[in-house]
Amino acid sequence: MTAFEHLPGADTAERFAGLGIRAGEGVSLLSLRGIADDHGVEVWIYFDPAIARTSSIEADLVDFEFVPEPDRPFMELRRFLLFMESIEPGFDATLGEHRAEIIAVGNREAYCGCVLSPRPYVKVLLRDER
């Protein structure tokens, strides 16, 4: 079992709610990084509101498969943080100031090595304001 599966709650939504993650609410990138690191969940950051609200992660990964990652309208949190730190040194120190709207939580099928397994995820929309 993963760290996330050990959290109290009957399902994925209840486990995320126990961490303060609920659709429609706001959250800092610092909090999201902590949750991703501590509980082994995927965090997907979207930059386009229309795509964030109307598509699924699986569909977006297929639709944007041949688009270079920095040009996609979404990015996995860890890769986003590495990218931002590479173009804006010191970005990591400001994570608490950057906010996102939680769009959805759930599970998606993803490969871990050669094994297909359910992965809990948080889908967020990055806000322009700090």
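Read-outs: derived from the displayed coordinates by stated rules, not from any lab. Just so you know, these numbers come straight off a predicted model, no measurement behind them. Cβ sites come from the backbone with ideal geometry, for glycine too, and all protein chains shown count toward neighbours.
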Breaking point among (1) buried (at least 17 other Cβ atoms within 10 Å of the Cβ); (2) among the polar types (S, T, N, Q); (3) more than 18 Å from R108 (Cβ to Cβ), for S86: (1)
Per-region count, the stretch 54-92, residues among the charged types (D, E, K, R) and in a helix (DSSP H, G or I): 9
Single residue of A59, A23, A50, A17 found to be in contact (Cβ under 8 Å) with a residue 12 or more places away in the chain and either surrounded by 13 or more Cβ atoms within 10 Å (Cβ to Cβ) or more than 24 Å from F91 (Cβ to Cβ) (or both): A23
